[in-house]
1. Taking H as built 1.01 Å from N, whose amide H comes closer than 5 Å to the amide H of GLY142, not counting residues under 5 places away?
2. Long-range amide H contacts for VAL66: which residues qualify at under 5 Å (H placed 1.01 Å from N, peptide plane, sequence gap of 5 or more or a different chain)?
3. For the pair THR155/ALA352, report the inter-label distance in nm, with labels modelled 7 Å from Cα in the Cβ direction.
4. Which of the chymotrypsin sites (Phe, Trp or Tyr not before Pro) found in the range 191-274 are in a DSSP loop and have at most 14 neighbouring Cβ atoms, other than their own, within 10 Å?
5. Pull out a ≥ b ≥ c, the square roots of the eigenvalues of the alpha-carbon gyration tensor of the range 67-156, then state rounded if a/c is under 1.5, prolate if not and a/b is larger than b/c, and oblate in the remaining case.
6. What is the magnitude of the charge dipole of the range 297-432 about its Cα centre, with +1 placed on the Cβ of each Lys and Arg, -1 on the Cβ of each Asp and Glu, and no other charges, expressed in debye to the nearest 20?
7. Scan the range 361-434 for chymotrypsin sites (Phe, Trp or Tyr not before Pro) in coil per DSSP, keeping those whose Cβ has at most 16 other Cβ atoms within 10 Å, and list them by number.
8. Based on the Cβ-Cβ distance of ALA246 and THR512, what FRET efficiency does E = 1/(1 + (r/R0)^6) give at R0 = 51 Å, to the nearest 0.05?
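Only the coordinates and a few stated rules stand behind these numbers; no lab work does. These numbers were taken from a predicted model, which means no experiment stands behind them. Because the Cβ atoms are built from the backbone with ideal geometry, glycine has one as well, and the counts that use them run over all protein chains shown.
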Amino acid sequence: MNSLALLDPHEQILGAPGFDDNVSHGCKCWLLLYYRKSSSQEPELYSPASPGPQQEPISTYFEEKVPIPEDDMTKLFSFRKLWAFTGPGFLMSIAYLDPGNIESDLQSGARAGFKLLWVLLGATIIGLLLQRLAARLGVVTGMHLAEVCNRHYPTVPRIILWLMVELAIIGSDMQEVIGCAIALNLLSVGRIPLWAGVLITIIDTFVFLFLDKYGLRKLEAFFGFLITIMALSFGYEYVRVAPDQAEVLKGMFVPYCSGCGPTQLEQAVGIVGAVIMPHNIYLHSALVKSRDINRANKKEVKEANKYYFIESSIALFISFLINVFVVAVFAEAFYGKTNMEVSLQCNETGSAHSELFPANNETLEVDIYKGGVVLGCFFGPAALYIWAIGILAAGQSSTMTGTYSGQFVMEGFLNLRWSRFARVLLTRSIAIFPTLLVAVFQDVQHLTGMNDFLNVLQSMQLPFALIPILTFTSLTSLMNDFANGLVWKIGGGLLILVVCAINMYFVVVYVTALNSTVLRERERVFPTGKKILKIVNDVWRCLIALGVSRLDFRGSVQYPPSVLMDEQPEFDS
């Protein structure tokens with residue numbers, strides 16, 4: 001079948017003039033969508049015809065399909081069906097709770113107080129709208145984003161796109177694995193070094209990834225358990241610190257930042273960059289394939305889109321609350337604090353980490369490691385260990401979903417036919433080596449700069465996910481009745497433009513700051529080098545003046561008159 005046949009009740013347009021000009025060649029090769037008129041039922045949406053031998057369909061990573069209960073489809077809402085569709089949205093929401101996001105949250109609270117909570121809320125809503133597009137693509141077409149890209153793009157652009165997405169996954173994976181390693185270091189009171197924590201995380205990730213062998217629902221339940229641990233851990237910190245609820249609500253719903261400067265602006269941009277992650281679009285479009293949906297029935301597809309959107313909304317609402325817990329804790333307890341105040345408090349409580357905070361009046365700088373330390377100094381050891389448990393749950397869960405993203409991306413772009421273990425081993429290995437290098441050569445207390453760099457790396461890859469998802473979900477030839485309308489096309493385009501612009505600004509700010517640091521280091525090192533050269537030159541001239549004339553290679557040293565008139569001293573052999 002080399003054409004796309006659209007059978008209308010009034011007209012068959014397969015052979016209509018201009019049809020081949022208006023339908024993309026990639027669509028005609030694999031997609032057969034048509035309407036059939038029936039007096040007894042609604043028009044049905046038929047799924048793609050079976051591709052030929054050269055276009056064998058790519059199987060999903062999940063071998064199991066979760067059945068959907070057969071309730072009355074005329075009902076507006078069914079909790080049984082919502083429960084059946086619950087799972088993919090919560091796995092997707094874990095990317096909003098990874099260690100990179102947690103670090104962005106605590107820095108936002110420590111640097112801007114409650115003033116940027118509205119930015120976090122806005123970024124989460126934008127993320128929900130983008131995830132809606134990803135879910136709809138998977139539900140309507142039965143293919144995830146990487147598979148659609150594989151079918152539509154020529155070889156070279158497809159390989160470039162795959163490499164860009166892989167870079168984003170590697171950057172995210174490094175943050176997540178290092179976050180787990182930091183949590184293990186805190187829980188062991190420093191006995192487990194960073195590199196050992198990385199190896200432990202990699203090994204247990206292999207173990208957990210094969211939980212779906214015992215059933216997909218059990219795997220989803222395990223992710224739900226990890227999210228519950230995060231909610232309880234960071235919720236405990238929230239109750240323990242007891243932030244001002246009025247300030248929390250004001251910061252959340254009043255889009256204003258009084259007295260904010262460049263530091264707060266950069267933090268706001270960083271929040272958007274940390275929340276909206278490119279690989280998560282690919283992940284969500286694949287996860288929705290795990291439900292047994294009859295795509296030949298238009299009503300079932302419409303119903304699946306509805307329940308997936310409700311489930312994603314609930315999942316992202318929970319992730320938003322957890323993020324708010326972290327921001328509010330550090331806003332209430334550490335906003336405006338200086339290194340001196342924290343250092344004195346840590347010394348009073350006998351903390352072994354008081355040397356992390358220099359005795360000066362500079363504003364406190366925290367990351368997920370120092371954040372746990374200062375919580376322990378101000379609110380007791382329990383706060384430190386519970387914080388570390390929450391970070392461990394965040395890192396472990398996001399590491400697993402990041403690995404799944406790697407499976408789907410490789411499966412779609414490269415059309416891999418490897419075994420499950422081989423695919424997991426390959427995608428794990430891609431991130432293992434750079435992460436181990438960082439763990440071996442970086443101290444646990446100096447990883448904030450690495451986190452910023454990895455956020456920048458992911459920000460640069462964001463257009464390679466957002467532009468394709470908006471493009472494909474807007475194609476009527478691909479999505480049929482479920483294609484984006486004019487409002488979604490214009491609104492989604494503007495939304496993606498804004499998000500990409502914000503992320504590019506974050507990249508520019510980071511690179512500018514990096515260049516400034518390099519220049520400062522050069523200015524610091526260069527005078528020292530000049531002093532050393534001057535000393536060497538003085539010693540050289542002195543030796544020549546004392547009679548070691550063989551060092552005067554060019555005869556360029558002018559001796560003082562007193563030296564020229566006096567007899568040169570004789571040196572004993």
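1. Counting only residues 5 or more places away or on other chains, the set is empty.
2. Counting only residues 5 or more places away or on other chains, the set is ARG291, ASP292.
3. 5.7
4. Numbers: sites: TRP195, PHE206, PHE208, PHE210, TYR214, PHE222, PHE223, PHE225, PHE234, TYR236, TYR238, PHE253, TYR256; in loops: TYR256.
Counting only loop positions with at most 14 other Cβ atoms within 10 Å, the chymotrypsin sites (Phe, Trp or Tyr not before Pro) in the range 191-274 are TYR256.
5. Numbers: a/c = 2.80, a/b = 1.40, b/c = 2.01.
Here the range 67-156 falls in the oblate category.
6. Numbers: 10 positive and 11 negative charges, 213 e Å.
For this selection, approximately 1020 debye.
7. Details: sites: TYR369, PHE378, PHE379, TYR385, TRP387, TYR404, PHE408, PHE413, TRP418, PHE421; in loops: TRP418.
For chymotrypsin sites (Phe, Trp or Tyr not before Pro) across the range 361-434 that sit outside H, G, I, E and B with at most 16 neighbouring Cβ atoms in 10 Å, the list reads TRP418.
8. Details: r = 37 Å, r/R0 = 0.73.
Calculated transfer efficiency: 0.85.
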